[in-house]
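Q: Attaching a single structure in structure tokens format; questions to follow.
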Amino acid sequence: MDALLNPTEAYLGAVLECEEIGTDALRARLAERIGHAPSTVTQTANRLIRDGLLFAVPGDRRLYLTPEGRRLALRVMRKHRLAECLLVDTIGLDWAWAHTEASRWEHAMGDRATELIAELLHHPERSPYGNPIPTLAEAERGAALPHRDPAAVNALRRTFDADPETPASIVSIGETVQSDPALLERFAAAGALPGTAVLVERSGIGVRLTALAGPETPLDLDHAQAAQVFVA
């Protein structure tokens, strides 16, 4: 995430991404996701609270989006995921690099250009990583996040809840994994892409995904990485 281009959008987007994957938006977690020093995160978060875009509850270390902060964060998420679709489906950028490049585009795309891109792409509902794209109406009213498949769980949890011989389908890949092009190249090499059927089993470092159709090259993920891969 390139927080130098627009720190406000980067911080609000990070809080929204934490909400999407079901983790608490703690200042320490934002520092890790954005790559800023803890003191910088504290200063920026306090400014966004003063600006009415974030709020915190006394005694609760979590940060929350205000209605206006949510509207802005959803607009940025929409731009980002439409940019990913454009980069992969129209321009032909390698899938592994779409998130990194879209993190720059999202801050430069105006609203009119964004909606023209949506029309050009026939209003896609999901990004190349399987994540729902908020509609314009959802972004404007600050709606709740579009949901993944309600049956989806992260791959780490599935190793405890399901028979490893029962295939699963990859629904989506979280933002943290998307930020690592080298790791995404391993996903692609293993054929472990959104929409593909895989076996999910425990491995020495955490979780192993094996695509049922494709190169049959297993993909080993540590616990943190597996928690960002959602399957159903």
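Readers should treat all values here as calculations from the given coordinates under stated rules, not as data from a laboratory. Values in this document were obtained by computation on a predicted structure and should not be read as measured data. All Cβ positions, glycine included, derive from the backbone under ideal geometry; neighbour counts span all protein chains shown.
Q: Round to the nearest 10 and give me the degree value, 0 to 90, for the angle of helix 7-21's Cα axis relative to the longest principal axis of the chain.
A: In the chain, helix 7-21 runs at an angle near 40 degrees to the longest axis.
Q: Report, in debye and to the nearest 20, how large the dipole of segment 80-232 comes out about its Cα centre when Lys and Arg carry +1 and Asp and Glu carry -1 on their Cβ.
A: Dipole about the Cα centre, nearest 20: 200 debye.
Q: Along the positive direction of the dipole of segment 91-232 (beta-carbon charges: Lys, Arg +1; Asp, Glu -1; about the Cα centre), which of Gly195, Pro215, Thr159 reaches farthest?
A: Thr159
Q: Mind putting a number on the dipole of segment 7-67 about its Cα centre? Charges go on the C-beta only, +1 for Lys and Arg and -1 for Asp and Glu, and I need it in Debye to the nearest 20.
A: That gives a dipole near 260 debye.
Q: Calculate, for His122 and Leu26, the FRET efficiency according to 1/(1 + (r/R0)^6) with r their C-beta to C-beta distance and R0 45 Å; round to the nearest 0.05.
A: 0.70
Q: Turning to a different aspect of this structure: Relative to the first principal axis of the alpha-carbon coordinates of the chain, what is the inclination of helix 181-190, with its axis defined by its Cα atoms, in degrees from 0 to 90 and to the nearest 10?
A: The answer is roughly 30 degrees.
Q: Please list, by residue number, every one of the GluC sites (Glu not before Pro) in segment 183-232 that is coil in DSSP and has at most 11 other beta-carbon atoms within 10 Å.
A: Here the sparse-neighbourhood loop sites are Glu216.
Q: Where the only charges are on Cβ atoms (+1 Lys, Arg; -1 Asp, Glu), what is the dipole of segment 10-115 about its Cα centre, to the nearest 20 debye?
A: 420
Q: Over segment 72-141, calculate the relative contact order: mean separation of alpha carbon pairs under 8 Å at least 6 apart, over the residue count, as a percent.
A: Contact order relative to length: 47 percent.
Q: With the convex hull built on the Cα atoms of the chain, state its orientation-averaged projected area in nm².
A: For the Cα atoms of the chain, the hull's average projected area reads 13.1 nm².
Q: Moving on. Counting other beta carbons within 10 Å of each Cβ, put Arg71, Arg104 in order, fewest first.
A: With the sparsest Cβ surroundings first, the list reads Arg104, Arg71.
Q: Per 5 Å bin, what is the whole-percent P(r) computed from every C-alpha pair distance within segment 7-67?
A: The distribution over segment 7-67 is 4, 20, 35, 29, 11, 1, given as percents.
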